[in-house]
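The values are calculated or read from the model by the stated rules, or taken from the named source; none is laboratory data. Just so you know, these numbers come straight off a predicted model, no measurement behind them. We place every Cβ from the backbone using ideal geometry, glycine too, and count neighbours over all the protein chains shown.
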Amino acid sequence: MRKLKLQMQLSADGFVAGPNGELDWMTWEMDPRLAVLINDLIDSSETIVMGRKMTDGFVNYWTGVLDKPGDPEYDFAKKMVDTPKLVFSRTLSESPWPNTKVASDLGKTINEMKTAGGKDMLAYGGAELVSNLILEDLIDDYYLLVNPAAVGNGLRIFRNDSPLKLKLIDSVKYDTGVVLNHYQRI
């Protein structure tokens, strides 16, 4: 059975973005060991799962990197562009983005995809989508990249009304100060 994995950046105090979506607190310096993990996650997946609000910036960024063949992110950008995307939206019925399908029924769609054959699925965000995936207990593996910064206020993915028990599989500190905590749901 396919898994739905989540790869998400968090601040040390548990926020995924500032109050207005700010990401200026994230550690942008890439640790080579962390790059291996991030590549392994996408290589083990055949679908990227995202929310509508995040998709436009995501697709435009990685497509733009492909316009610069000498860019150090070029090979990874190719993976991001070539991997099929599934975007959840309440407002769109079809995709304006290439290599992307749109769905609206989160639980039904993800559960159907889990029972289909193939590689895993990888969710990147945004906060509202991930909160709903957590609320519906659809995420199997959590790869939480905890940044050495405290935001103080902002967007969270874990809601107080939805307690969640997780099993720690691994925790790795990187030279950039980022800590990866890999959890599985219990």
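Couple of notes before you dig in:
For every residue, the table says whether it meets (1) closer than 25 Å to L133 by Cα; (2) part of a helix (DSSP H, G or I).
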{"residue": "F15", "(1), (2)": "yes, no"}
{"residue": "M30", "(1), (2)": "no, no"}
{"residue": "I48", "(1), (2)": "yes, no"}
{"residue": "G64", "(1), (2)": "no, yes"}
{"residue": "K78", "(1), (2)": "no, yes"}
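- Every condition in (1) surrounded by fewer than 14 Cβ atoms within 10 Å (Cβ to Cβ); (2) among the hydrophobic types (A, V, I, L, M, F, W, C); (3) under 23 Å from S171 (Cβ atoms) is met by M1 except one, and the failing one is (3).
- Within the set M50, M54, the sole residue that is at pLDDT below 95 and either buried (at least 18 other Cβ atoms within 10 Å of the Cβ) or hydroxyl-bearing (S, T, Y) (or both) turns out to be M54.
- Just one residue in the set V172, V130 is at pLDDT 95 or above and under 20 Å from T55 (Cα atoms); that residue is V130.
- If you go through the range 12-33 and keep only what is over 25 Å from L86 (Cβ atoms) and of a type in the set (A, V, I, L, M), you end up with A12, M30.
- Positions within the range 157-186 being in contact with a Ser or Thr (Cβ under 8 Å, 6 or more places away or on another chain) and free of Cβ contacts under 8 Å to residues at least 40 places away in the same chain, in sequence order: R159, V179, N181
- Positions within the range 66-76 being assigned to a loop (DSSP other than H, G, I, E, B) and either under 19 Å from the mean Cα position of the chain (by Cα) or not basic (K, R) (or both), in sequence order: D67, P69, G70, D71, P72, E73
- Among the conditions (1) more than 28 Å from L138 (Cβ to Cβ); (2) aliphatic (A, V, I, L, M); (3) in contact (Cβ under 8 Å) with a residue 24 or more places away in the chain, the only one that L92 does not satisfy is (1).
- Members of the range 147-166 found to be within 15 Å of the chain's Cα centre (by Cα), hydrophobic (A, V, I, L, M, F, W, C) and either outside any strand (DSSP E or B) or surrounded by fewer than 19 Cβ atoms within 10 Å (Cβ to Cβ) (or both), listed by number: I157, F158
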